[in-house]
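Data block below; observations after.
The values are calculated or read from the model by the stated rules, or taken from the named source; none is laboratory data. Keep in mind that this is a model prediction, so the values were computed, not measured. For neighbour counting, all protein chains shown are included, and Cβ atoms are generated from backbone atoms with ideal geometry for every residue, glycine included.
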Amino acid sequence: MTVEAFPSIEEETGGFLHSHSLVALRAILHREALRFIGQRGRLVAALVRPLVWLFVFAAGFRAALGLAITPPYQTYITYEIYIVPGLVGMILLFNGMQSSLSLVYDREMGSMRLLLTAPLPRWWLLFCRLLAGSLMAVVQAYAFLAIAALYGIRFPWFGYLAAAPAILTAAMMLGALGLLLSSFIRRLENFAGVMNFVIFPMFFLSSALYPLWKMAEASPHLRDLCALNPFTHAVELIRFALYAKGNLTALAVTLAAFVIFGLVAIWGYDPARGLTARKA
Amino acid sequence: MGGLRVEGINHDWGTRRALDNVSFAVEPGRFCALLGPNGAGKSTLFGMLTRLFTPHSGRIAVAGHDLAREPRAALARMGVVFQTSTLDPDLTVKRNLLYFAALHGLSGREAETRAMAALDRLGMAERAGEKASKLNGGHRRRMEIARALLHRPKVLLLDEPTVGLDAASRAAITAHVHDLASQGLTVLWATHLVDEVRAKDRLIILHRGQVLADGEAGDIAGGDLTSRFLALTGERA
C-alpha cells in the first residue's frame with residue numbers, strides 16, 4: 001500500500017466537522033471506562049476511605065454530636081445521615097486529585113502527548129478528559145450511596161435521581177481543580193504536596209463533617225473560611241439534591257469555581273505558555 | 001509547498017538557548033534524518049513541531065499549513081512517533097489503534113478497517129485482542145508507526161524511535177520507515193545513531209541548538225559519517 005492511496009480525513013469528512021469532536025469525546029470516555037473497569041482496585045480504594053469514615057468515625061460521633069434541624073433536613077437526623085453528602089464529596093475530591101495525578105503520570109509517560117497532538121482544540125480535549133474522569137467519579141459516588149443504603153442510611157428515592165446532576169457538577173468542579181494542579185505540578189513526586197496543601201484543607205475546612213453553624217460555635221473566622229471553600233458548596237449542593245431540593249448559592253459557587261478552575265487550567269495547558277514542555 | 005518547513009526557530013529555556021535560528025525544509029517524499037547528540041535540541045524541536053509548545057520566534061509549516069495559524073489542519077496532516085511509548089498498556093492492541101483513530105475523527109467501520117489493515121500489514125492481526133503491555137519493544141514500535149499512519153498523514157515525525165530496541169528490530173524499523181518515504185511520505189527521523197542514516201537520505205546535523213550541516217548524507221559524510229559527525233560536533237564541544 002502506498003501512503004497516498006487513500007484520501008485524507010478532511011477530504012472524507014468535508015473539513016473538521018462537529019462530529020470529529022464527538023467521535024473524540026466518545027473515544028476518551030470509552031477509554032476511561034475501560035481503564036476504570038480494568039483497574040478494579042481503583043473502585044475498591046475509592047470506596048474504602050469514605051466507608052471507614054462512615055462505619056467508624058460517624059458511628060463514634062453519633063452520640064457526641066447533636067445536630068439541630070437545618071435545611072434541607074426537616075427532622076432530627078443521625079450523624080451518619082449528615083456525613084454522607086460530605087463523604088460523597090470526599091470521593092469526588094480524591095477522584096479529582098487522582099485524575100490530576102494520572103494526568104501528570106500521562107504527561108511523564110507520554111500518552112498525554114498523544115491526546116494533545118490530536119487535531120482538535122486543546123480546550124475541548126481537556127474538557128473531554130475532565131468529563132470522562134468526572135463520570136467515573138459519579139459511578140464511585142453511587143456505589144458508595146448504594147453501600148450506605150444497604151447499611152440503612154437511605155435518602156428519598158427521588159433524591160438519588162436529583163443528586164446525579166449535582167454530583168456530576170461537583171465532580172467537574174473538583175476535576176477542573178485537578179486539571180489546574182496538573183498543569184502546574186512539575187513532577188509526579190511533587191504530588192504529595194497536593195495531599196497536604198489541597199485535599200486535607202479543602203476537606204476539613206468545609207461542611208463535610210460539621211455544619212457551618214457548629215463550626216461558628218468554635219470560631220466565626222473558621223466558619224467564614226469554610227464558607228469561602230468551594231468544596232463546602234459542592235457538598236451542600238449534593239446534600240440538598242439528595243432531598244430533591246435546590247441550593248442556588250451552592251450551585252452558583254460550584255459553577256463559578258468550575259469555570260475559574262477550568263479557565264486557569266486551559267491557560268496552564270496553552271502551548272504558548274510552554275508548561276507542557278517539561279520533559280519526563 | 002508540501003513537506004515540512006522550519007524557518008528561523010529560536011527558543012530559550014530560561015537563560016539557556018535551546019534552539020538558535022534553526023531552519024530547514026524537507027521535500028515531500030523524502031527521508032530526512034535529524035542527527036544530533038543528546039542535548040542537541042532534538043526533543044525541544046519535536047515539542048514545537050507537534051505543537052506541545054510554541055517557539056519564541058520562527059515559523060513551522062506542515063504540508064503547506066502554518067502550525068501557528070492553522071494548527072488543526074497542520075496536525076491532521078502529521079503523524080508522530082514519540083520517543084517514549086504512548087501506547088496504553090492496559091488497553092488491547094486494537095483498542096489503542098481505535099482510540100488514536102477517533103482522536104483524528106475516524107470511527108465505525110472505517111476506523112475498524114484501517115486498524116485491522118494496519119495490524120495485517122504488521123502480521124499482528126491475531127494479536128488484536130491482546131493487551132499492548134504484552135507486546136515486545138519492536139512490535140510496540142512498529143505498531144506505533146502503523147498507528148501514526150492511520151489517518152494517512154503527509155508528514156511523519158519520529159523522535160528517536162529505535163531507543164531501547166535490539167539491533168535486528170532497529171534495522172527492521174529503519175528499513176520500514178525508509179520504505180514509507182519511498183512511497184511518498186515525508187519523514188523526519190530524529191536520532192543520535194549514525195548507522196540509521198543512509199547515503200541518499202537528507203541529513204541535518206543539530207548540535208547545541210544550531211544546524212551544523214544540511215544536505216545529502218553522502219555529501220556531508222565524505223566517506224565516513226561517524227568521523228564527520230564526531231568532528232563536526234567535537235569542534236564545538
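Among the helices (runs of 4 or more DSSP H) contained in segment A:205-244, which hold 3 or more residues that are surrounded by fewer than 24 Cβ atoms within 10 Å (Cβ to Cβ)?
A:212-218, A:220-228
Assessment of segment B:82-105 against the conditions (assigned to a strand (DSSP E or B) and either more than 13 Å from chain A (Cβ to nearest Cβ) or hydroxyl-bearing (Ser, Thr, Tyr) (or both)) yields at least one matching residue. Where strands (runs of 3 or more DSSP E) fall entirely within segment B:1-59, those with at least 2 residues that are surrounded by 15 or more Cβ atoms within 10 Å (Cβ to Cβ), within 13 Å of the chain's Cα centre (by Cα) and assigned by TED's automatic domain parsing to the domain that holds B:Leu157 are at B:31-35. Let me confirm something: among B:Arg69, B:Arg95, which residue is surrounded by fewer than 18 Cβ atoms within 10 Å (Cβ to Cβ), modelled with pLDDT of 90 or more and closer than 30 Å to A:Leu25 by Cβ? Matching residue, one of B:Arg69, B:Arg95: B:Arg69. Within segment A:78-99, the set of residues being modelled with pLDDT under 85 and within 18 Å of A:Thr169 (Cβ to Cβ) comprises A:Ser99 only. Could you tell me whether segment A:163-186 includes any residue that is within 30 Å of B:Pro161 (Cβ to Cβ), in a helix (DSSP H, G or I), within 14 Å of chain B (Cβ to nearest Cβ) and at pLDDT below 90? Yes, segment A:163-186 has at least one match.
Conditions (1) hydrophobic (A, V, I, L, M, F, W, C); (2) surrounded by fewer than 22 Cβ atoms within 10 Å (Cβ to Cβ); (3) not in a helix (DSSP H, G or I), marked per residue:
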site	(1), (2), (3)
B:Arg147	no, no, no
B:Leu157	yes, no, yes
B:Ser169	no, yes, no
B:His176	no, yes, no
B:Asp179	no, yes, no
B:Leu188	yes, no, yes
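Taken over segment B:41-81, residues that are facing chain A (nearest Cβ under 10 Å) and within 21 Å of B:Arg208 (Cβ to Cβ) amount to 9.
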